[in-house]
1. Residue 115 to residue 311: extension gain in nm, 0.36 nm per residue of separation minus the Cα-Cα distance?
2. Rounded, prolate or oblate: which fits the stretch 283-331 when a ≥ b ≥ c are the square roots of the eigenvalues of the alpha-carbon gyration tensor, with rounded for a/c under 1.5 and prolate only if a/b beats b/c?
3. Go through the stretch 277-312 and name the trypsin sites (Lys or Arg not before Pro) that are in a DSSP coil and have 13 or fewer other Cβ atoms within 10 Å of their Cβ.
4. Only Lys, Arg, Asp and Glu count, each charged at its Cβ (+1, +1, -1, -1), so figure out the dipole size of the stretch 137-246 about its Cα centre, rounded to 20 debye.
5. Rounded to the nearest 20 debye, what is the charge dipole size of the stretch 199-288 about its Cα centre when +1 sits on each Lys and Arg Cβ and -1 on each Asp and Glu Cβ?
6. Counting other Cβ atoms within 10 Å of each Cβ, which chymotrypsin sites (Phe, Trp or Tyr not before Pro) in the stretch 105-213 have at most 16 and sit in a DSSP loop?
7. Starting from the Cα-Cα distance between residue 93 and residue 276, subtract it from 0.36 nm times their residue separation and give me the gain in nm to one decimal.
8. Can you give me the relative contact order of the stretch 185-263 as a percent, contacts being Cα pairs under 8 Å and 6 or more apart?
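No lab work stands behind these numbers, since they all come straight from the coordinates. For clarity, every value in this text was computed on a predicted model and none was experimentally measured. With ideal geometry, Cβ positions are generated from the backbone for all residues, glycine too; neighbour counts draw on all protein chains shown.
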Amino acid sequence: MRTQLKTYGWTTALGLTLAAACGTTRTGDESREERLATETAALGQAQFADSHHPSPIDRKAGNNTGSEAASEAVSEPVSEAARAVVTKAKAYRLSSRAPRNTPPEPNGATQTTTSPVLPASLALGFDRDGRRLRPRFSDGAWKTVLHNAHVTLPEHANEPFHLRDDASSLAVTVTLEGAKHVRAEVADGYLVYPNAAPGGGDVLHRANVEGTEDYLLYEAKPAAKELHYRVALGQEVAGMRMLQDSGTLEFIDPSGTPRLRMNAPYAVDGNGERRELTVRVDGCSYDRDPRAPWGRRATAPGATECTVAITLPEEGYPLLVDPAWTATGSMLVLRFDFDPVRLKTSGDVLVLSNGPG
C-alpha cells in the first residue's frame, strides 16, 4: 500500500510518495527583434516536441544515451568576467535564525546562522545539443530527490529555457524578457551570462536534477522596476495556482497535482538580509484558493502563454535575486519537528511542522 503525503506548513504543498509505514521511497532585412522572436518560437516548438517524446536519458547511470550521446560538450575558455560573476555571487550569504534547539548566545540573544545563497553546483558539465545546453550530473545526484525534472538551458541569455517534469511530461518554456544576446559560459559548474540581465547586471543558472535556479546579480538599481518572464505552457498544463502568502506559482496537471513551480522569488543584500519579492501573473487565469489543489478542478489558464512579473526592490543594492524553476518534490521551506497524521477519509498523510527557528 502506498499513500500520498501532502505537507502544509502551513500552506506549503509537498507531493511525496510514502510506503504504508510512512518511510520515504524514493538576418537579412528582418529586424533583430523579429529574428529573435522567430528563433524563440522555433526553439520553443522543438522543446515542446521533446516534452512529448522524452529524450533517452539513463537516470540510474547518470549518463546520456541515444541522440544525447552525440551532443557536443561545452568546453570553451572561460572569461574573467564570467569568473568574476561566480565569485561575487558566492559571496552572498543568507542570515537566518538557528533551529529551535540551538542554545542561545551568552547574552541571551537568539543565535543566527548563515548559508550561501548560491550553493555549490551539481552539474558535472554541459552538452550542446543544437541551440540548447543540457546539464550532466553524477550517478548519485538523481537519487537525492523524489521527483526529477529535465531542464535544457539557453545558449544565449535572451533565449528560453525548457523545464519538463519527468513523471508527467508537464512542461513549460521560459524566457527572461529584456535580457541581452550574450552567450553562455561554463564557470565552476554554473552557466554564466555576464552583463546580460535586463537593465544591467549578470545572469547565472545553477542547474540541478529538479530544474534550475535563475540568479540575477545587480550591482546597482536597474532602470526597470520589474523582471518579466514569458512563460509558454505545454499541453499538459491544466491549470496554474498562486500561493498568495509566498508568491510561489504552481503548474498543475489534469489530476490537480502540482508538477512544476516557480519558487517564491527573493533578493539578498550584502548584509545577508532577505527581501521577499512580489509576483504578478499577466495574460493567464490562475487559482487563488488557499486550499490544497488535489481533488479540485484546476483553473484553466485560458491562454497558452503568459507573463510572470517580479517586482524588484527600490533600495538595498547590490542584490542577488533568486527565482527558481523546479519540480515539486522538495519542500518550499526547510522544516523541523515533523508530526505526521494519516487522514482516515482519504488515506493521505498530513504532515505539520515548524519553520526555521
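1. So the chain would gain 68.1 nm between residue 115 and residue 311.
2. Prolate, since a/c reaches 1.5 and a/b exceeds b/c.
3. Of the trypsin sites (Lys or Arg not before Pro), the ones in loops of the stretch 277-312 whose Cβ has at most 13 other Cβ atoms within 10 Å are 288, 291, 297.
4. Its charge dipole is roughly 240 debye.
5. The calculated dipole for the stretch 199-288 is roughly 180 debye.
6. Listed in order of number, the matching sites amount to none.
7. 64.3 nm
8. It rounds to 16 percent for the stretch 185-263.
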